[in-house]
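The values are calculated or read from the model by the stated rules, or taken from the named source; none is laboratory data. Remember, predicted model here, so these are calculated numbers, not experimental data. Note that we place each Cβ from the backbone using ideal geometry, even for glycine, and neighbour counts take in every protein chain shown. Ligands, DNA and RNA are excluded from the accessible area calculation, which covers all protein heavy atoms including side chains. Shrake-Rupley method; radii C 1.70, N 1.55, O 1.52, S 1.80 Å.
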Amino acid sequence: MSTTVFTHMESPFGRLLLSGVRPPDGGPAALATVTAPGQKYALAEPADDWVHDPEALAEPVAQLTAYFAGERTAFDLPLAPVGTEFRQKIWAALDDIPYGETVTYGQLAALAGASPNAVRAVGGAVGANPLLIVRPCHRVMGANGTLTGFAAGVDRKRWLLDLESGALF
(Lines give C-alpha, C1' and ligand atoms only; values in the text may rest on other atoms or scores of the structure.)
Protein backbone atom coordinates (compact mmCIF):
# COMPACT_ATOMS: atom_id res chain seq x y z
CA MET A 1 0.00 0.00 0.00
CA SER A 2 1.34 3.43 -0.89
CA THR A 3 1.78 6.20 1.67
CA THR A 4 1.22 9.94 1.25
CA VAL A 5 4.32 11.77 2.42
CA PHE A 6 5.01 15.48 2.78
CA THR A 7 7.68 18.04 3.41
CA HIS A 8 8.04 21.79 3.41
CA MET A 9 10.57 23.99 1.63
CA GLU A 10 11.35 27.67 1.73
CA SER A 11 10.81 29.56 -1.52
CA PRO A 12 10.40 33.12 -2.80
CA PHE A 13 6.66 32.53 -2.19
CA GLY A 14 7.15 31.51 1.42
CA ARG A 15 6.98 28.01 2.82
CA LEU A 16 5.74 25.55 0.18
CA LEU A 17 3.97 22.32 1.12
CA LEU A 18 4.90 19.36 -1.07
CA SER A 19 3.17 15.99 -0.94
CA GLY A 20 3.83 12.80 -2.77
CA VAL A 21 2.92 9.15 -3.01
CA ARG A 22 5.64 6.83 -1.75
CA PRO A 23 5.43 3.34 -3.21
CA PRO A 24 5.21 0.29 -0.94
CA ASP A 25 8.90 -0.49 -1.54
CA GLY A 26 9.80 2.81 0.16
CA GLY A 27 11.40 4.35 -2.93
CA PRO A 28 11.22 8.01 -3.93
CA ALA A 29 7.76 9.52 -3.92
CA ALA A 30 5.86 10.64 -7.01
CA LEU A 31 4.99 14.31 -6.51
CA ALA A 32 1.24 14.86 -5.98
CA THR A 33 0.96 18.50 -4.84
CA VAL A 34 2.92 21.72 -4.50
CA THR A 35 1.07 24.37 -2.51
CA ALA A 36 2.01 27.98 -1.73
CA PRO A 37 0.81 29.88 1.34
CA GLY A 38 -2.65 31.33 0.74
CA GLN A 39 -3.18 29.34 -2.46
CA LYS A 40 -6.84 28.93 -3.44
CA TYR A 41 -8.38 25.47 -3.60
CA ALA A 42 -5.42 23.76 -1.89
CA LEU A 43 -4.58 22.31 1.48
CA ALA A 44 -2.67 24.76 3.66
CA GLU A 45 -1.47 22.01 6.01
CA PRO A 46 -0.76 18.31 5.58
CA ALA A 47 -3.64 15.93 6.13
CA ASP A 48 -3.62 14.01 9.41
CA ASP A 49 -2.70 10.71 7.75
CA TRP A 50 0.28 12.08 5.80
CA VAL A 51 3.77 11.10 6.93
CA HIS A 52 6.54 13.70 7.21
CA ASP A 53 9.34 12.33 5.02
CA PRO A 54 11.72 14.96 3.57
CA GLU A 55 13.99 12.28 2.10
CA ALA A 56 11.20 10.86 -0.09
CA LEU A 57 10.69 14.34 -1.61
CA ALA A 58 14.34 15.43 -1.72
CA GLU A 59 14.48 15.46 -5.53
CA PRO A 60 11.43 17.71 -6.03
CA VAL A 61 12.85 20.10 -3.41
CA ALA A 62 16.23 20.13 -5.18
CA GLN A 63 14.64 20.76 -8.59
CA LEU A 64 12.37 23.53 -7.29
CA THR A 65 15.33 25.16 -5.53
CA ALA A 66 17.31 25.12 -8.79
CA TYR A 67 14.30 26.51 -10.69
CA PHE A 68 13.92 29.42 -8.25
CA ALA A 69 17.66 30.13 -8.59
CA GLY A 70 17.29 30.38 -12.38
CA GLU A 71 19.36 27.22 -12.88
CA ARG A 72 16.60 24.86 -14.09
CA THR A 73 14.10 25.36 -16.90
CA ALA A 74 12.23 22.04 -16.75
CA PHE A 75 11.30 19.43 -14.19
CA ASP A 76 12.04 15.73 -14.47
CA LEU A 77 10.00 14.10 -11.74
CA PRO A 78 7.54 11.27 -11.35
CA LEU A 79 4.12 12.89 -10.87
CA ALA A 80 0.93 11.65 -9.22
CA PRO A 81 -1.68 14.41 -9.37
CA VAL A 82 -5.27 13.38 -8.67
CA GLY A 83 -8.01 14.63 -10.98
CA THR A 84 -10.54 13.74 -13.63
CA GLU A 85 -9.43 12.43 -17.00
CA PHE A 86 -10.16 15.86 -18.56
CA ARG A 87 -8.10 17.69 -15.93
CA GLN A 88 -5.24 15.20 -16.29
CA LYS A 89 -5.21 15.88 -20.03
CA ILE A 90 -5.10 19.66 -19.49
CA TRP A 91 -2.41 19.38 -16.81
CA ALA A 92 -0.29 17.19 -19.08
CA ALA A 93 -0.63 19.81 -21.86
CA LEU A 94 0.83 22.41 -19.48
CA ASP A 95 4.11 20.48 -19.74
CA ASP A 96 4.21 21.33 -23.47
CA ILE A 97 4.42 25.10 -22.87
CA PRO A 98 8.11 26.00 -23.24
CA TYR A 99 9.97 27.76 -20.45
CA GLY A 100 9.67 31.52 -20.81
CA GLU A 101 6.72 31.37 -23.21
CA THR A 102 3.00 31.81 -22.67
CA VAL A 103 -0.18 30.54 -24.29
CA THR A 104 -3.82 31.51 -24.03
CA TYR A 105 -6.48 29.24 -22.57
CA GLY A 106 -7.71 28.61 -26.12
CA GLN A 107 -4.23 27.60 -27.24
CA LEU A 108 -3.91 25.31 -24.23
CA ALA A 109 -7.24 23.69 -25.18
CA ALA A 110 -5.80 23.00 -28.64
CA LEU A 111 -2.56 21.60 -27.15
CA ALA A 112 -4.67 19.22 -25.06
CA GLY A 113 -6.86 18.19 -28.00
CA ALA A 114 -9.92 19.77 -26.40
CA SER A 115 -12.61 21.78 -28.16
CA PRO A 116 -11.95 25.52 -28.46
CA ASN A 117 -15.39 25.89 -26.87
CA ALA A 118 -14.03 24.25 -23.70
CA VAL A 119 -12.15 27.37 -22.59
CA ARG A 120 -14.10 27.68 -19.32
CA ALA A 121 -13.48 24.03 -18.48
CA VAL A 122 -9.81 24.46 -19.40
CA GLY A 123 -9.66 27.48 -17.08
CA GLY A 124 -11.18 25.42 -14.29
CA ALA A 125 -8.63 22.67 -14.80
CA VAL A 126 -5.76 25.16 -14.85
CA GLY A 127 -7.07 26.77 -11.65
CA ALA A 128 -7.21 23.35 -9.98
CA ASN A 129 -3.66 22.37 -11.00
CA PRO A 130 -2.26 20.63 -7.88
CA LEU A 131 1.36 20.94 -9.03
CA LEU A 132 1.95 24.67 -8.82
CA ILE A 133 5.12 25.71 -10.66
CA VAL A 134 6.06 22.14 -11.65
CA ARG A 135 3.13 22.02 -14.08
CA PRO A 136 3.46 25.60 -15.39
CA CYS A 137 -0.07 26.96 -15.16
CA HIS A 138 1.51 30.39 -14.68
CA ARG A 139 2.31 30.36 -18.41
CA VAL A 140 -1.40 30.53 -19.36
CA MET A 141 -2.79 33.99 -20.14
CA GLY A 142 -6.11 35.53 -21.05
CA ALA A 143 -7.14 35.69 -24.71
CA ASN A 144 -5.94 39.31 -24.94
CA GLY A 145 -2.57 38.48 -23.34
CA THR A 146 -3.42 39.79 -19.88
CA LEU A 147 -2.45 38.11 -16.64
CA THR A 148 -5.52 36.29 -15.48
CA GLY A 149 -6.18 34.26 -12.37
CA PHE A 150 -3.53 32.23 -10.65
CA ALA A 151 -4.42 30.19 -7.57
CA ALA A 152 -1.33 31.49 -5.74
CA GLY A 153 -2.01 35.13 -6.73
CA VAL A 154 -1.37 37.24 -9.81
CA ASP A 155 1.70 38.88 -8.22
CA ARG A 156 3.31 35.46 -7.90
CA LYS A 157 2.37 34.67 -11.50
CA ARG A 158 4.12 37.86 -12.63
CA TRP A 159 7.18 36.92 -10.52
CA LEU A 160 7.39 33.47 -12.17
CA LEU A 161 7.07 34.97 -15.64
CA ASP A 162 9.76 37.54 -14.78
CA LEU A 163 12.00 34.73 -13.52
CA GLU A 164 11.56 32.83 -16.78
CA SER A 165 12.14 35.91 -18.94
CA GLY A 166 15.45 36.57 -17.20
CA ALA A 167 14.23 39.83 -15.66
CA LEU A 168 15.19 38.68 -12.13
CA PHE A 169 18.81 37.77 -12.88
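As a test of reading the structure, rank Asp25, Asp96, Asp48 by solvent-accessible area (1.4 Å probe, protein chains only), most first.
Descending accessible area places them as Asp48, Asp25, Asp96.
For the chain, the longest principal axis of the alpha carbon atoms and the long axis of helix 154-165 meet at an angle near 90°. For the chain, the solvent-accessible area of protein heavy atoms averages 50 Å² per residue (probe radius 1.4 Å; ligands and nucleic acids excluded). What angle do you read, to the nearest 10 degrees and between 0 and 90, between the alpha-carbon axis of helix 58-68 and the longest principal axis of the chain? Long axis of 58-68 versus the principal axis of the chain: about 40 degrees. If every alpha-carbon in the chain counts as one equal scatterer, what log10 I(q)/I(0) does Debye give at q = 0.08, 0.12, 0.19, 0.20 1/Å? Debye output, listed in q order: -0.23, -0.52, -1.27, -1.39.
Please list, in order, the residues from the range 102-135 whose amide nitrogen is less than 15 Å from a point placed 7 Å along the Cα→Cβ vector of Glu85. Backbone N within reach: 113-115. Using C-alpha pairs under 8 Å with a sequence gap of at least 6, the mean separation divided by the residue count of the range 24-86 gives a relative contact order of 47 percent. The equivalent ellipsoid that matches the C-alpha gyration tensor of the range 103-148 spans semi-axes of 16, 13, 9 angstrom, in descending order. Secondary-structure-derived ellipticity at 222 nm for the chain, considering helices only, amounts to -8500 deg cm²/dmol, per-run term -39500 (n - 2.57) for DSSP H runs with n ≥ 4.
With a cut-off of 14 Å between beta carbons, the residues surrounding Glu59 carry a summed charge of -1, where Lys and Arg count +1 and Asp and Glu -1.
Longest stretch of the chain clear of exposed loop sites (GluC sites (Glu not before Pro), DSSP loop, at most 16 other Cβ atoms within 10 Å, sites excluded): 1-70. The stretch between Ala121 and Thr73 holds 14.5 nm of extra length on full extension. This uses 0.36 nm per residue minus the Cα-Cα distance. On the protein heavy atoms, probe 1.4 angstrom, tell me the percent of accessible surface of the range 65-123 carried by carbon and sulfur. For the range 65-123, the apolar C and S fraction of the accessible surface comes to 50 percent.
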